[in-house]
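The values are calculated or read from the model by the stated rules, or taken from the named source; none is laboratory data. Computed from a predicted structure; not experimentally measured. Positions of Cβ are backbone-derived with ideal geometry, glycine not excepted, and every protein chain shown enters the neighbour counts. Remember, those area values only see protein heavy atoms, side chains included, never the ligands or the DNA or RNA. Shrake-Rupley method; radii C 1.70, N 1.55, O 1.52, S 1.80 Å.
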Amino acid sequence: THFIGIGIDNFKDSKNDLQYSSKDIRDLSFKLKEKYGDAVTIDTLFNENVNVTNVIALKAKLKTTTVNDKVIIAYSGHGLLSK
């Protein structure tokens, strides 16, 4: 089982900041580790570490999975509309 968790609380414009997105991903990661132990691989990205380079690195890790693997991807944050 592979878990990818991305949580973003802090945005360039602080009026868009959130309070619990990173906590939600951390809590979910903890529960999965508690349930599956060493049978789960957990990769997380938070706030400023969510960037193109790190997301591409996670994608590369996912490319190593097979049809027999269980993959869980969770995102906590929000999207914004722009011109």
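Please list, in chain and number order, the residues 5+ apart from I42 or on another chain whose amide H is under 5 Å from its amide H, with Hs placed from the backbone.
Under 5 Å from the amide H of I42 lie the amide H atoms of F3, each far enough along the sequence or on another chain.
When ranked by the protection proxy of mean other Cβ atoms within 10 Å per residue, highest first, what sequence do the peptides 2-14, 39-51, 63-75 form?
Peptide ranking by packing, descending: 2-14, 39-51, 63-75.
Straight-line reach only, C-alpha to C-alpha below 19 angstrom: list the lysines that K61 could link to, leaving out same-chain residues fewer than 8 apart.
K33, K70
In region 3-18, whose amide N lies under 20 Å from the spot 7 Å out along Cα-to-Cβ of L62? List them in ranges.
Of the residues in region 3-18, 3-9 have backbone N under 20 Å from the label point off L62.
Using a basic spin-label model with each label point 7 Å from the Cα along Cα→Cβ, how many nm lie between N51 and I72?
2.9 nm
Given Cα pairs under 8 Å that are at least 6 residues apart, what percent is the relative contact order of the chain?
After rounding, I find 49 percent.
Skip the ligands, DNA and RNA, and give the accessible area per residue of the chain with a 1.4 Å probe, whole Å².
That works out to 74 Å² for each residue.
Using θ = phi - 60° and the Karplus form 6.51 cos²θ - 1.76 cosθ + 1.60, what ³J(HN,Hα) does each residue of region 20-33 get, whole Hz, x for Gly and Pro?
10, 5, 5, 4, 4, 5, 4, 4, 5, 4, 4, 5, 5, 5
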